[in-house]
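Readers should treat all values here as calculations from the given coordinates under stated rules, not as data from a laboratory. The model shown is predicted, which means the values in this text are computed figures rather than measured ones. With ideal geometry, Cβ positions are generated from the backbone for all residues, glycine too; neighbour counts draw on all protein chains shown.
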């Protein structure tokens with residue numbers, strides 16, 4: 001079955017609010033194997049709402065609508081559907097009683113327009129609203145299934161989960177197959193090279209589906225399959241996962257949706273080891289990411305933000321001869337990166353030291369180009385190492401990529 | 001003119017991400033008097049994208065599309081529009097050069113599919129991408145205006161503001177209402193208290209409009225007016241701004257859209273002074289924010305992430321008696337906050353020291369409640385001070401609010 005999600009509300013068209021309802025409903029639909037083909041937003045205009053319904057009925061089997069169920073003259077969702085389908089509206093007794101009693105208990109006189117929130121369409125299944133006054137609707141007409149939900153998320157979400165989903169499942173019958181999905185998280189590889197190495201799998205995908213995406217310096221792949229039992233799902237997902245791991249397994253740091261810093265904290269805690277960071281161009285981003293993980297105090301001893309050469313010298317004892325002067329490697333160099341990692345390990349009495357030094361831009365530095373970054377990794381009892389990167393993007397993007405690459409290199413060392 | 005916003009991406013239909021792009025574009029359209037009648041989301045399917053375009057062309061004059069401009073086989077937006085309009089695609093030289101040079105500079109071999117990001121349609125106006133590789137498109141065909149933008153918000157937003165809006169304005173001609181707006185940025189006050197103190201202005205607003213909003217620990221107010229000349233706009237905006245400043249002026253740190261750390265860096269550089277940070281619960285977030293500002297190396301000497309008590313002791317010499325033991329104030333205390341700020345000032349030979357220590361959660365610490373945070377501020381030649389805060393929210397939210405409050409206190413000291 002195909003579904004369409006329609007959000008009604010001029011405030012969405014004006015950009016005053018974000019359409020988080022559509023995401024919530026879309027996730028719920030994916031969970032029961034209902035394919036959403038379109039999402040639409042339409043304003044509080046009776047004619048355009050009706051047209052949106054007419055169009056949706058032509059291309060979807062299940063139409064899930066949020067918004068426009070309130071008491072005001074702008075709340076036109078039920079009126080528009082009533083007109084389109086030629087079904088009369090009536091008052092839903094229990095909802096009307098609830099509205100009346102709420103007004104009475106507040107000592108307020110009920111305005112006539114509040115009756116509108118108790119309106120239902122002939123032949124529908126009323127969907128109770130546990131967190132507000134507007135009753136929802138489930139309705140089948142001419143083979144199309146309509147679900148009307150209130151707009152405020154705190155009313156919509158429970159009504160969707162507790163009343164609408166069971167109703168939709170019942171009209172879907174056997175088609176309501178639970179989808180199973182699994183996330184693979186990658187580090188140290190870009191989205192396009194990852195896709196390049198999996199292109200035949202992605203192009204030929206059917207079941208499971210393979211959906212790669214990237215955000216904030218991380219690349220993920222979501223595998224999704226339709227199966228009648230968890231065992232069948234697991235078998236199908238495992239087969240595809242094995243194929244992917246065979247090609248790019250060294251970049252997979254987790255098989256669930258966690259950031260790489262989460263894995264680093266787990267690995268450190270499990271081995272009873274600690275790390276410390278020395279950050280120049282990332283200015284504290286790496287330690288900020290690690291300490292965002294609850295429990296990270298057992299994994300990260302501390303960090304030094306040595307943004308200036310003075311700080312590198314004063315806080316971590318990097319010799320001035322290394323940083324400045326004719327022929328010196330400079331702050332942005334493999335030598336400095338390695339020494340920063342080693343020194344921060346020592347100063348913090350840690351087992352691992354991680355450093356980042358580079359040119360985040362917008363201007364070059366030490367005659368070195370924007371995007372040049374060195375990552376240093378030190379480990380107690382081993383010589384420190386440094387890796388050179390040339391990153392692209394603006395200042396923010398270079399800093400983010402540098403921080404994520406540093407975390408990737410530490411994770412590689414730890415795993 | 002009527003506009004429609006189309007977001008392309010299966011990840012939206014699956015509810016994996018929220019369609020924040022639609023909101024951003026809708027706000028921009030409202031700003032130039034372009035009425036958005038519909039928003040649509042469609043998956044990465046060539047036929048359905050084409051149908052969405054065909055439908056939009058029948059009901060809108062301006063069609064703004066995000067997503068599907070990337071290098072992969074799933075990126076089909078340009079292909080679909082090319083098919084619908086019967087316009088051939090070609091390679092945009094400057095974009096191709098950029099892509100090639102980015103791959104060269106990274107020492108990577110360019111995958112053929114990356115060429116797709118340089119594709120343009122015959123007769124279009126290419127829209128440069130300052131933050132990514134995919135070129136955007138502005139195109140008029142049969143009286144309908146198409147704007148194609150990349151999906152990632154960090155690429156989409158600047159391209160929309162700097163390239164698409166001027167192009168749309170040009171096709172709108174006189175219909176593009178000249179709106180003038182001004183942003184007031186607040187720190188140290190929450191959204192609801194700000195609204196409470198301005199409620200009569202907000203409720204009675206007509207021209208200029210007063211739109212408060214909050215994001216990522218910052219509160220802003222945007223004043224917008226419609227005027228025939230910049231002078232008239234300035235006069236109208238100034239009047240409303242004066243009224244607002246009379247009530248909550250002490251919390252306004254800027255009259256344009258910059259983060260507070262930008263103002264801090266400016267103030268420090270102007271006075272030839274430097275600061276240093278000592279962070280416990282924020283783990284480097286404050287220094288990360290400050291160093292995100294270009295040129296901040298002249299303002300921030302360095303920072304210490306003293307996440308553990310050992311780090312507070314070893315890196316900043318906080319006496320163990322202060323941190324631990326019967327009757328000790330503990331790590332989360334005014335005494336520790338003040339001493340951290342003073343010590344980090346000394347260690348970094350700076351003029352100002354700023355510290356944050358608190359309980360970010362999820363569990364309490366030292367028997368102190370989640371959300372309890374102390375900020376320390378030290379200044380050369382003055383006794384350090386500490387301020388106590390009780391913040392609400394989850395771990396991430398408490399850390400963000402603590403960092404922004406620390407910046408606000410430093411800004412107050414500097415201004």
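Details
- Per-residue mean of C-beta atoms belonging to partner chains within 10 Å, peptide B:274-287: 6
- Mean per-residue shielding of peptide B:358-366 is 1, counting Cβ atoms of other chains within 10 Å of each Cβ.
- Calculated [222 nm] ellipticity per residue, helices only, for chain A: -12000 deg cm²/dmol; basis is -39500 (n - 2.57) per DSSP H run with n ≥ 4, divided by all residues, nearest 500.
- For chain B, the longest principal axis of the C-alpha atoms and the axis of helix B:230-248 are separated by about 30°.
- For residue A:183 and residue A:388, a Förster radius of 41 Å and the Cβ-Cβ distance give a FRET efficiency of 0.85, rounded to the nearest 0.05.
- Debye-sum result for segment A:39-79 in log10 I(q)/I(0), which assumes one identical scatterer on each alpha carbon, at q = 0.15 Å⁻¹: -0.33
- Altogether, the Stokes-Einstein calculation at 4 °C and 1.567 mPa s, with the Kirkwood radius of segment B:63-105 over Cα pairs as Rh, returns a diffusion coefficient of 108 µm²/s.
- Translational diffusion of segment B:210-315, µm² s⁻¹ [Kirkwood Rh, Cα pairs; Stokes-Einstein; 37 °C; 0.692 mPa s]: 197
- Percent of Cα-Cα distances greater than 16 Å, calculated over segment A:193-256: 45
- Peptide A:291-297 is shielded by partner chain Cβ atoms: per residue, an average of 6 of them sit within 10 Å of its Cβ.
- With Cα atoms, 0 to 90° folded angle of helix A:395-414 axis to chain A main axis: 70
- DSSP beta bridges in the protein assembly as shown [antiparallel fraction, %, rounded to 5]: 65
- Residue of A:53, A:103, A:186 that the Gaussian network model of chain A assigns the largest fluctuation, springs spanning Cα pairs under 10 Å: A:103
- DSSP beta bridges confined to chain A are antiparallel in about 60 percent of cases.
- Calculated P(r) tail over 51 Å for the protein assembly as shown, as whole % of Cα pairs: 20
- Here the label points at residue B:83 and residue A:215, each 7 Å from Cα along the C-beta direction, are separated by 2.8 nm in the simple model.
- Order of A:316, B:108 - criterion: other Cβ atoms within 10 Å of each residue's Cβ, fewest first: B:108, A:316
- As an equivalent ellipsoid, segment B:126-266 spans semi-axes of 32, 21, 13 angstrom, where each value is the square root of five times an eigenvalue of the C-alpha gyration tensor, largest first.
- Pair residue A:363, residue B:203: separation of 7 Å Cα→Cβ label points (nm): 5.2
- Across the identical copies, the label point of residue A:367 (7 Å from Cα in the Cβ direction) is separated from its matches by 6.2 nm, in order from shortest.
- Counting only the Cα atoms, chain B fills a convex hull of 181 Å³ per residue.
- Bridge orientation summary for segment A:2-175: considering DSSP beta bridges with both residues in this region, about 40 percent are antiparallel.
- Taking other C-beta atoms within 10 angstrom as a stand-in for reagent exposure, B:1, A:156 fall in the order B:1, A:156, fewest first.
- For segment B:2-175, radius of gyration divided by Kirkwood radius, i.e. Rg to Rh on alpha-carbons: 0.95
- Here, segment B:260-414 is characterised by an Rg to Rh ratio of 0.95, where Rg is the alpha-carbon radius of gyration and Rh the Kirkwood radius.
- On Cα atoms only, tilt of A:20-31 relative to the major axis of chain A in degrees: 90
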